[in-house]
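Structure first, commentary second.
The values are calculated or read from the model by the stated rules, or taken from the named source; none is laboratory data. Just so it is clear, the structure is predicted and the values come from calculations on it, not from any experiment. Here the Cβ positions follow ideal geometry from the backbone for every residue, glycine too, while neighbour counts run over all protein chains shown. All accessible areas refer to the heavy atoms of the entire protein, side chains included, with ligands and DNA or RNA removed. Shrake-Rupley method; radii C 1.70, N 1.55, O 1.52, S 1.80 Å.
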Amino acid sequence: MIYLDHNATTAPSHAVLQAMAQAMAQHWANASSQHAPGQEARRCLAQARQQAAQALGCKPAELVFTSGATESNQLAVRGLLAGAPVGRRRVLFSQVEHSAHLALARSLVAQGVSVGWLPVRPDGALDLRAATELINPEVALVSLMAANNETGVLMPLAEVAALTRQAGALLHTDATQWLGKLPFRFDDCAADAVSFSAHKFHGPKGVGGLLLRQGLAFHSPVPGSQERGRRGGTENLPAIVGLATALSQLGDAGAVNAEARRQATLRDALEQGLAQALPELQVWGQGLARLPGTSYLRVGLLAADTVLQRLARLGVAASSGAACSSGGSQPSHVLSAMGVPREQALAAVRLSLGRDSTADDVNAVLQGLPALLAPLLHEAQACH
Ligand code: PMP
């Protein structure tokens, strides 16, 4: 199998599996228990937190373990909004946040919270001029993802942080797609709060983190004695150990950059090869700063499902940009926000490379896919 869906999830590494199995067997006690096995579990938790914090460039106390980015995003927005001064009740989300995060935004609207939307330009980049107008002193919090999961386009965090600072608002970023693909340190990061999920960088699923700058007013929507009162619930120690192991395997910024360059070279070869063989190809986000392994494209108006079936024949696993609901396909909200027409959006396919991707994977797509799609393209042309 050729796996080109790394933005959806990644395989846990061997070291992660081993560390988790050991933690599950040895440290099954509750880290809050007073007895000796509980204290051992607590020591293991503290060690994992230390290891993760070192890799993330944060203080151990700034790291809150969660069940993943969906929960981290909710904690951040609800917790920081509840802690905001009276008179600041507005939250801004970009239009291209992850679908679960948009669902949170809609539930805030239903609860009477004032929500605003930061638009993107037709190329998928954030519209900074609109952001400048929208970020005003009524705003408590701006939630802007670091990198988009579909287009891979990077968002201008530093510029938006300057705007939030000036307006006295806070900035939360969903860095789920950034972490593991590009260098990250919280002490260098412009945002006040950062969400991530371990399974995007070869850790386990169902565990992630929220980084919260020390001193922020935060009223947790999931209170409890764990995580310094910021997230209640018995800690999932094996998963946390897996997260810390996966983070420390990323290496330093030099190693992450080298891997990013390797993936970008493969991705560019894939896009150039496909464009040569298929003149109908359109790639979104090309020419913008974007994640190194992400390629979001369409081949004419060939339905995404059709292209994915042909890829499957070549043994390639990839994703479409459409969300399926009760049998029908909805165009991606990201492409809709960019103003991409529906029939083009329904043709969107995402190929996302990762650290296990090779030149052979790219060559297999280049050698196999154009021949499988060419007859379909001719058919489609004949119909018009
Ligand atoms: N945010 C982004 C940008 C994502 O890509 C994802 C995962 N697809 C999530 C949040 C949610 O992560 P999880 O499902 O691990 O909670």
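What do you reckon, is Asp188 modelled with pLDDT of 95 or more, open to solvent by 50 Å² or more (accessible area, probe 1.4 Å) and among the acidic types (Asp, Glu)? Please lay out each step first, then the result.
Values: modelled with pLDDT of 95 or more: yes; open to solvent by 50 Å² or more (accessible area, probe 1.4 Å): yes; among the acidic types (Asp, Glu): yes.
Against the criterion (modelled with pLDDT of 95 or more, open to solvent by 50 Å² or more (accessible area, probe 1.4 Å) and among the acidic types (Asp, Glu)), Asp188 qualifies.
Within the range 213-254, can you find the residues that are touching a Gly at 6+ places or on another chain (Cβ under 8 Å) and not in a loop (DSSP other than H, G, I, E, B)? I'd like the intermediate steps shown before the answer.
Applying the first criterion (touching a Gly at 6+ places or on another chain (Cβ under 8 Å)) to the range 213-254 yields 216-226, 230-233, 236, 239, 242-243, 245-247, 250.
The answer is Ala239, Gly242, Leu243, Thr245, Ala246, Leu247.
Can Leu346 be described as over 22 Å from the mean Cα position of the chain (by Cα), open to solvent by less than 60 Å² (accessible area, probe 1.4 Å) and over 21 Å from Ala264 (Cα atoms)?
Working: over 22 Å from the mean Cα position of the chain (by Cα): no; open to solvent by less than 60 Å² (accessible area, probe 1.4 Å): yes; over 21 Å from Ala264 (Cα atoms): yes.
No; evaluated as a whole, the condition is false for this residue.
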Original post:
Tell me, which residue of the range 299-346 that is among the polar types (S, T, N, Q) and assigned to a strand (DSSP E or B) is modelled with the lowest pLDDT?
Top reply: Ser325
Original post:
Across the range 267-283, which residue is nearest to the chain's Cα centre (by Cα) among those that are within 21 Å of Gly321 (Cα to Cα), in contact (Cβ under 8 Å) with a residue 24 or more places away in the chain and open to solvent by 10 Å² or more (accessible area, probe 1.4 Å)?
Top reply: Arg267
**OP:** Output the residues belonging to the range 14-56 that are over 13 Å from Ala239 (Cα atoms), touching a residue at least 24 places away in the same chain (Cβ under 8 Å) and part of a loop (DSSP other than H, G, I, E, B).
**Re:** Asn30, Ala31, Ser32
Original post:
What is the residue count in the range 59-70 for residues that are surrounded by fewer than 24 Cβ atoms within 10 Å (Cβ to Cβ) and within 13 Å of the ligand (Cβ to nearest atom)?
Top reply: 3
**OP:** Look at the range 72-81 and say how many of its residues are crowded, with 24+ Cβ neighbours inside 10 Å and either more than 16 Å from Arg213 (Cα to Cα) or within 12 Å of the ligand (Cβ to nearest atom) (or both).
**Re:** 4
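Quick grid of which residues meet (1) in contact with an Asp or Glu (Cβ under 8 Å, 6 or more places away or on another chain); (2) open to solvent by 20 Å² or more (accessible area, probe 1.4 Å):
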site	(1), (2)
Ser143	yes, no
Met155	no, no
Ala169	no, no
Gly180	no, yes
Subject >> Residue count, the range 137-156 (criterion: out of contact with any strand residue (DSSP E or B) (no Cβ under 8 Å at 6 or more places or on another chain) and away from the ligand (no atom under 16 Å from the Cβ)) >> reply: 1
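Restricting attention to the range 20-37, does a residue exist that is under 25 Å from the mean Cα position of the chain (by Cα) and open to solvent by less than 60 Å² (accessible area, probe 1.4 Å)?
Checked against the condition, which is being under 25 Å from the mean Cα position of the chain (by Cα) and open to solvent by less than 60 Å² (accessible area, probe 1.4 Å), the range 20-37 yields at least one hit.
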**OP:** Can you tell me which residue among Arg89, Arg106 is modelled with pLDDT under 95, at negative phi and either open to solvent by 20 Å² or more (accessible area, probe 1.4 Å) or away from the ligand (no atom under 16 Å from the Cβ) (or both)?
**Re:** Arg89
Original post:
If you go through the range 284-309 one residue at a time, how many are of a type in the set (S, T, N, Q) and open to solvent by less than 10 Å² (accessible area, probe 1.4 Å)?
Top reply: 2
